[in-house]
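The values are calculated or read from the model by the stated rules, or taken from the named source; none is laboratory data. What you are looking at is a predicted structure, and each value in this text was computed from that prediction instead of being measured. A quick note on method: Cβ atoms are made from the backbone with ideal geometry, for glycine too, and the neighbour counts reach across all protein chains shown. Ligands, DNA and RNA are stripped out before the accessible areas are found, and what is left, the full protein with its side chains, is counted by its heavy atoms. Shrake-Rupley method; radii C 1.70, N 1.55, O 1.52, S 1.80 Å.
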Amino acid sequence: MIRAAKLDVNFYEKAEADKTMFGQAMLVVVLSSIAGGIGSIGQAGIAGVLVGTILALVAWYVWAYLTYFIGTRFLAEPQTKADMGELLRTIGFSSAPGVLRVLGIIPGLNVIVNIVAGIWMLVAMVVAVRQALDYSNTGRAIVVCIIGWVVQMVIGVLLFSLFMGGTI
């Protein structure tokens, strides 16, 4: 997790190639979401930790799939070759900075901790996507992440609206 949070390109290359790291990547997503839940326990309560963890796992898969689809179908470079497992592993590890969200439990720090962790996780995801999709430049990875994020947000809002009684 430390190497992932440090944006270690070699680590992300290893995670991309090593199929045995899937469970570890999933554990990082779970730990990050639990930390976020604990950090916002004042707003979300105990149930928020459980629901947040489940939603984080679903979001991880959805974002990995969107990234895979966008990155290999629409914005692929000639050398781009990836499978879902590679994206799940690298994107899972890009959640590592999210464990800092546990510090949000300290009164007055929740917003700043979530902003810092969110930006850090997004930067880590760009590194993860660049390595998993074998891109030659970071700009393409940024575009893939932004498109995937927007699509995921739209899906999230629609699902929230559906399950919360039709109100957005």
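Quick notes on this structure:
- Calculated mean residue ellipticity at 222 nm for the chain: -23500 deg cm²/dmol, from DSSP H runs with n ≥ 4 weighted as -39500 (n - 2.57), summed, divided by the residue count and rounded to 500.
- Considering only Thr67, Thr53, Thr20, the mean-square fluctuation computed in a Gaussian network model of the chain, springs between alpha carbons under 10 angstrom, is largest for Thr20.
- Cα long-axis angle, helix 84-93 against the chain (0 to 90 degrees, to the nearest 10): 50 degrees
- Two-site FRET efficiency, Leu159 against Ala44, from Cβ-Cβ distance with R₀ of 22 Å, rounded to 0.05: 0.80
- The mean accessible area for residues of the chain, using a 1.4 Å probe and ignoring ligands and nucleic acids, is 53 Å² per residue.
- Alpha-carbon centroids, region 116-168 and region 50-79: separation in whole Å: 8 Å
- Extension gain, Tyr65 back to Gln79 (0.36 nm per residue minus Cα-Cα distance, nm): 3.1 nm
- A simple charge model with +1 on the Cβ of Lys and Arg, -1 on the Cβ of Asp and Glu and nothing else charged puts the dipole of the chain at about 120 debye relative to its Cα centre.
- Helix 41-69 and the long axis of the chain differ in direction by around 20°, with both axes built from C-alpha atoms.
- Principal-axis tilt of helix 138-163 within the chain, Cα atoms, nearest 10 degrees: 40 degrees
- Relative contact order [Cα under 8 Å, 6+ residues apart], the chain, whole percent: 30 percent
- A Gaussian network model of the chain, with springs between Cα atoms under 10 Å, assigns the largest mean-square fluctuation among Ile115, Ile146, Ile70 to Ile115.
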